[in-house]
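As structure tokens, the structure follows; a few thoughts come after it.
The values are calculated or read from the model by the stated rules, or taken from the named source; none is laboratory data. If you're wondering where the values come from, they're calculated on a predicted model, not measured in any experiment. Counting neighbours? That spans all protein chains shown, and the Cβs are built from the backbone with ideal geometry, glycine included. For the accessible areas, the whole protein counts, side chains as well, though only heavy atoms, and no ligand, DNA or RNA atoms are used. Shrake-Rupley method; radii C 1.70, N 1.55, O 1.52, S 1.80 Å.
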Number of protein chains: 2
Amino acid sequence: MDDLFQAHAALLEKAVAASRERGFWAAFPENPKAYPEGAASAGKTAFAALKGQAFDLGGEGEGARVGAEVSPFGPALGITYAARSVDALVANAERAGEGWAQASVEQRVGVALEILARLNAESFLIAEAVEHTTGQAGPMAFQAGGPHAQDRGLEAVAYAYAEMSRVPGAVRWEKPMGRAPIRLDKDFHVVPRGIGLVIGCATFPTWNSYPALFADLVTGNVVIVKPHPAAILPLALTVKIGREVLAAQGFDPDVLQLAPDTVEAPLAKDLATHPAIGLVDFTGSSAFGGWLRETLRDKLVFTEEAGVNTIVIASTGAFAAMCANIAFSLSLYSGQMCTAPQTIFVPAAGIATDEGHKSFDEVAAGIGVAIDALLSDPARAAAVLGAIQNPATLARIDEARGLGRIVRDSAALQVEGARTATPLLLAVEAQDEAGDEAAYLEERFGPIAFVVAVKDAPDGVARATRAARQKGAITAALYSTDEAEIARAIPAYAKAGVALSVNLTGGIYVNQSAAFSDYHVSGANPAGNACMTDAAFVASRFRVVCVRRPAAA
Amino acid sequence: MDDLFQAHAALLEKAVAASRERGFWAAFPENPKAYPEGAASAGKTAFAALKGQAFDLGGEGEGARVGAEVSPFGPALGITYAARSVDALVANAERAGEGWAQASVEQRVGVALEILARLNAESFLIAEAVEHTTGQAGPMAFQAGGPHAQDRGLEAVAYAYAEMSRVPGAVRWEKPMGRAPIRLDKDFHVVPRGIGLVIGCATFPTWNSYPALFADLVTGNVVIVKPHPAAILPLALTVKIGREVLAAQGFDPDVLQLAPDTVEAPLAKDLATHPAIGLVDFTGSSAFGGWLRETLRDKLVFTEEAGVNTIVIASTGAFAAMCANIAFSLSLYSGQMCTAPQTIFVPAAGIATDEGHKSFDEVAAGIGVAIDALLSDPARAAAVLGAIQNPATLARIDEARGLGRIVRDSAALQVEGARTATPLLLAVEAQDEAGDEAAYLEERFGPIAFVVAVKDAPDGVARATRAARQKGAITAALYSTDEAEIARAIPAYAKAGVALSVNLTGGIYVNQSAAFSDYHVSGANPAGNACMTDAAFVASRFRVVCVRRPAAA
């Protein structure tokens, strides 16, 4: 067994420090140019070699296989994965768990850090897998699917390590009692909760799964990864690399297993309700997230679910830059981000700007024009929008057209074979103030956005924060030139448990969440029952058992 | 507003360090002699003055009053408390919560530490209140109800402060981007989860409530304390002192409220299910704990419930000292501790000891004789046993007599007016090995214990750890002279999530749990869903919301 902990100790130390300081820090470079020459083309080659083949995770045997992934950019992947029964997965996990629970914290952390390092080295292959399952454009698939996801995994390791480090190993307890002090030797054991189930999503299969996967692993829980049937490959590659590291270190590779399934025969419910599963992490719909939360009463359940992210525009000192910034947020990955804004509140009487007064219609039109400008170059449009992951999203756009006045219509890009759609922007300026909440305060996942007239800025803030409390929200934005107004708004957003970005312009967007700095999901509104990047996300994944005995004289 | 944080900073620093080191440390002296002369008699006088009166929490008005506490040592207390409706309690809490959420972490921690200091100064009064509601004997009521409970409250403050301290206040985030780095100013806000409900128990009203009460307070959650109807006074005194400190610092005293109720008209369910309640802490029966866990799906619920604590006697090098140690553990507060052992597994063929081979019957008899010896002096018996808190426990002893062969019968002490009972010790040496589990593996709260014949020591360990996994257990003990046997047993106890004490003799007992060192309840078996003394107990009581905006140039 190698001393992987020591090998990666410097990285871990930096990660622990970064997660406390929360300034900018990244372990894994997001710039493709920082990687070895030829790595990108090697990734493409490796991806091409996987297509149309049986994916080899090791030890599969000759049983049934599943897999029907189709790239949102066109071709079916033709990759199959060994099917596994719930009973077989659990039996394997329980067997592997015995040794994993006995491993030291340092051994487990070392394995996790080595897996992350090897994942990083395979970032281009994983990027291809992410691109051709999620529909993310290449540059985003690389960053979000590769280094950014790895940073989030590392962040979870850092949190978990910090928490476990606070539990001493062996201590001498000596209580003064007059002439004869009482001396006990105490050993504190970090014990796992059970088997961890990580249920992946179709849009960010690695970025949204890595925190739970790595938090479970280092706290001693073995992991079953149940990918979304439409995005198996990124997590199959992850599990394969993990199993290789585990086996090389003498651990049972079934510490980390893949549970591929199909839409027709889903495994998630049967896995989640199996008594041996102690922890469940889920990213996806509120319907299934709610089912998990209600059904799994005595398990640890961490969810990231749906929400409606809002922007309030009260005033701005940079109208054009604001519109450009919002246009990018609405367009990036065609609005298929849990952090993308959907509903923009603007006073019915318009707003003050650096370009003079702008009416409600002028604000809406300004955002629409900015979207047009952003997407005017076809290559840039493709690189920003990517493709639409799920055909249902196209249908949703069609249905949404009737929910308001169309400021800017959605349209497909001219990209052969790809499923694409530019943002649909609707205005709601109802007779009854603020119109039909059922239209714009239901989550409409994808490139669908509303500009909604409100009485004034405080009304907008009140509606935005109420929506966050009631419907859930992961992000919110506010544009205002009035510092007093901003100061008054902040406690309302804090109470609503939603991260707030104020007056963003330029190259930073409300839908971006930076590892080691931003807390992703608050856990304080219906968009999720947990923050995915804090101590609470890791601290209850393990328990401590003390063994004490009289100290030898 | 005083700088209470600064005033108590040295104490907090020591507490944070102690909770990491987990050696012996206590903030509040357990020796009554460490307190000012006259404090004990002043406590008695103050208690006498409260009896037969309407308890004044401030601002009660003329409404209905409740309260029917009767001392297990005899007299009714005759104290009444202002009744409060659920709606009034919640409305008060919501109003008070606005300001409390805005207070800084340091302000809230300072208030908590000041409350603890004032509680400590009133330890003798609180001891009287604990003694005459729970039936604990005077010395125990002082220690467990006073300084030990205060230490546990302080421990929770230390944990919560450590976790909140990891969240920076304001940071500059600067991402290198070639010529134009992106600079954001970020503010991180610690936000509460809602209103905390703390449901107290009748045996350790302060010791079991303080961790939750103080963890909630310092993380920004206002608190409603719902005492057990039989033990209101200790928590009424606590809440009164807390409200005085809050008011003196300019906070709404309703940050901390008392919700007294009656057996006939209980408030706990209505309070727990109120949508404004975000956190519930409960100590008590598995029936109600289970109901809370199953019903309150989207609230934070921390429970300490029932369990069956076991001892396995494999062999011993100190037979007499072992028997004396176990006898004390069974007798202390008449077995009415969540940490008291109930079931003692002994090999049917007997064990090796320093006094030669002892048969199963000789081991059982040895423990019985040790109990007799411990309780032979009436004054010492009264000081060890205290009184029986609940008349139902006497009935339970009667019913238990038929569950095995009586090794040592229970009997009342000759104490005028007090409800007392010495331990009942039963032997189970069934025809079918290990007899009827329904007899000795159901929790039988009170001075009821079983010595159960098992095949051999490994069988005993297997049964003990299985019982912990299935029925729950907070403590376990093992006596063995075989180091290899001990080493083999430890992982089984760790997996069962139960704290293990090995070969205890002398002045330390399996049912003692030391603040800042022992983790009380593991959260890893049915005896409770949480550890009451770790980071996980506090980390999810608050959430973090980030507000970010472009940095000024």
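What is the set of long-range amide H partners of A:THR262 at a cut-off below 5 Å, with H atoms built 1.01 Å from backbone N?
Amide H to amide H, under 5 Å and 5 or more residues apart or across chains, A:THR262 pairs with A:LEU267.
In whole percent, what relative contact order does region A:4-305 give with Cα contacts below 8 Å and a gap of six or more residues?
Taking the mean separation of contacting Cα pairs over the length of region A:4-305, I get 20 percent.
Among A:TRP207, A:HIS189, A:HIS228, which residue has its Cα furthest toward the positive end of the charge dipole of region A:4-305, with +1 on Lys/Arg Cβ and -1 on Asp/Glu Cβ?
Of the options given, the answer is A:HIS189.
Would you please give the FRET efficiency between B:ALA551 and B:VAL369, computed as 1/(1 + (r/R0)^6) with r the Cβ-Cβ distance and R0 = 56 Å, to the nearest 0.05?
It comes to 0.15.
Taking the 0 to 90 degree range and rounding to the nearest ten, how far is the long axis of helix A:360-374 tilted relative to the main principal axis of chain A, both from C-alpha atoms?
60
Just going by the charge dipole of region A:309-502, with Lys and Arg at +1 and Asp and Glu at -1 on Cβ, which of A:VAL363, A:ALA462, A:GLY386 is farthest out on the positive end?
Value: A:GLY386.
Could you give the length gained on full extension between B:ALA10 and B:SER285, defined as 0.36 nm per residue of separation minus the Cα-Cα distance, in nm?
95.2 nm
With solvent modelled as a 1.4 Å probe, how much accessible area in total do chains B and A shield from it at their shared surface, in Å² to the nearest 100?
What B and A bury together is about 6100 Å².
Full extension from A:GLU442 to A:ALA349: what is 0.36 nm times the residue separation minus their Cα-Cα distance, to one decimal in nm?
31.0 nm
Using the Cα centre as the reference, give the magnitude of the dipole from point charges on the C-beta atoms of region A:1-75 (Lys, Arg: +1; Asp, Glu: -1; all else neutral), rounded to the nearest 20 debye.
360
Counting only other chains, and only Cβ atoms inside 10 Å, what mean value do you get across the residues of A:14-22?
Counting other chains' Cβ atoms within 10 Å and averaging over A:14-22 gives 2.
Provide an ascending nm list, one decimal, of label-point separations from B:GLY417 to the equivalent residue in each further copy; define each label point as 7 Å from Cα along Cα→Cβ.
Those separations, rounded to one decimal, come out as 9.2 nm.
Within region A:473-517, what residues put their amide N at less than 18 Å from the label point 7 Å along the Cα-to-Cβ vector of B:ARG172?
Correct set: A:517.
How big is the shadow of the Cα convex hull of region B:1-133, averaged over all directions, in nm²?
11.3
Go through A:LYS44/A:LYS240; A:LYS14/A:LYS495; B:LYS33/B:LYS240; A:LYS299/B:LYS471; A:LYS269/A:LYS471; B:LYS299/B:LYS471 and tell me which ones have a Cα-Cα distance over 28 Å in this structure.
From A:LYS44/A:LYS240; A:LYS14/A:LYS495; B:LYS33/B:LYS240; A:LYS299/B:LYS471; A:LYS269/A:LYS471; B:LYS299/B:LYS471, over 28 Å: A:LYS14/A:LYS495.
Given Cα pairs under 8 Å that are at least 6 residues apart, what percent is the relative contact order of region B:309-502?
Dividing the mean separation by the residue count of region B:309-502 yields 29 percent.
If you draw the axis that swings chain A onto chain B, which residue of A has its Cβ closest to it, and how far is that in whole Å?
A:ALA539, 2
A:ASP372 label points, 7 Å along Cα→Cβ, one per copy: pairwise distances from this copy to the rest in nm, shortest first?
10.1
For an R0 of 56 angstrom, estimate the FRET efficiency from the Cβ-Cβ distance between B:GLU264 and A:GLU37 and round to the nearest 0.05.
0.10
Taking only the alpha-carbon atoms of the protein assembly as shown, what semi-axes of the equivalent ellipsoid follow from 5 times the gyration tensor eigenvalues under a square root, in whole Å, largest first?
Semi-axes (√(5λ), whole Å): 55, 36, 23.
Distance between the C-alpha centers of region B:369-387 and region A:4-26? Whole Å please.
Region B:369-387 and region A:4-26 have Cα centres separated by 57 Å.
Please work out how much length the chain gains when fully extended from B:ALA395 to B:GLU94, using 0.36 nm per residue of separation minus the C-alpha to C-alpha distance, in nm with one decimal.
Value of the extension gain: 104.0 nm.
Give me the angle, in degrees from 0 to 90, between the Cα long axis of helix B:123-134 and the longest principal axis of the Cα atoms of chain B, rounded to the nearest 10.
The helix B:123-134 is inclined about 50 degrees to chain B.
If one takes the longest principal axis of the Cα atoms in chain A, at what angle in degrees, from 0 to 90 and to the nearest 10, does the Cα axis of helix A:391-400 lie?
Approximately 40 degrees, to the nearest 10.
Accessible area of region A:249-361 with a 1.4 Å probe: how many percent of it is carbon plus sulfur?
Here carbon and sulfur together make up 58 percent of the probe-accessible area.
Under the rule of at least 5 residues apart or a separate chain, name every residue whose amide H is placed under 5 Å from the amide H of A:VAL223.
A:GLY196, A:LEU256, A:GLN257
Please state, as a whole number in µm²/s, the translational diffusion coefficient that the Stokes-Einstein equation yields for region A:309-502 at 25 °C and 0.890 mPa s, with Rh defined as the Kirkwood radius across alpha carbon pairs.
It comes out at roughly 148 µm²/s.
If R0 is 35 Å, what FRET efficiency do you get for A:GLU60 and A:THR273 from their C-beta distance, rounded to 0.05?
E(calc), rounded to 0.05, equals 0.85.
Roughly speaking, what % of Cα-Cα pairs in region B:453-547 are separated by over 21 Å, rounded to a whole number?
Looking at region B:453-547, the distances longer than 21 Å represent 41 percent of pairs.
Which parts of region A:288-321, residue by residue, lose 10 Å² or more of accessible area when the rest of the protein chains are there, as against the chain isolated (1.4 Å probe)?
So the qualifying set is A:ARG293, A:GLU294, A:ARG297, A:ASP298.
At 1.4 Å probe radius, can you tell me the per residue accessible area of chain A in Å²?
34
Can you list residues from other chains, or at least 5 along the same chain, whose modelled amide H is less than 5 Å from the amide H of A:SER315?
A:TYR479, A:SER480, A:THR481
With a 1.4 Å probe on protein heavy atoms only, tell me which residues of region A:161-182 lose at least 50 Å² of accessible surface in the complex relative to the chain by itself.
Relative to the lone chain, where solvent access is computed with a 1.4 Å probe, region A:161-182 loses at least 50 Å² at A:ARG166, A:TRP173, A:LYS175.
Once you average over the residues of A:490-498, how many Cβ atoms of partner chains fall within 10 Å of each Cβ?
5
What are the nm distances, shortest first, from A:ALA349 to its equivalents in the other copies, labels at 7 Å along Cα→Cβ?
From this label point to the equivalent ones elsewhere in the assembly: 9.4 nm.
Using the Cα centre of region A:309-502 as the reference point, and only Cβ charges (+1 on K/R, -1 on D/E), how large is the resulting charge dipole? Debye, rounded to the nearest 20.
560
Could you work out the mean projected area of the convex hull around the alpha carbons of chain A, in square nanometres to one decimal?
Computed as one quarter of the Cα hull surface, the answer is 28.5 nm².
For chain B, what is the mean residue ellipticity at 222 nm derived from helices alone (per DSSP H run of n ≥ 4: -39500 (n - 2.57); sum divided by total residues; nearest 500 deg cm²/dmol)?
Rounded to the nearest 500, it is -12500 deg cm²/dmol.
For region A:275-344, state the semi-axes of the equivalent ellipsoid (square roots of 5 times the eigenvalues of the alpha-carbon gyration tensor), sorted largest first and rounded to whole angstrom.
Ellipsoid half-lengths, sorted descending, are 37, 11, 9 Å.
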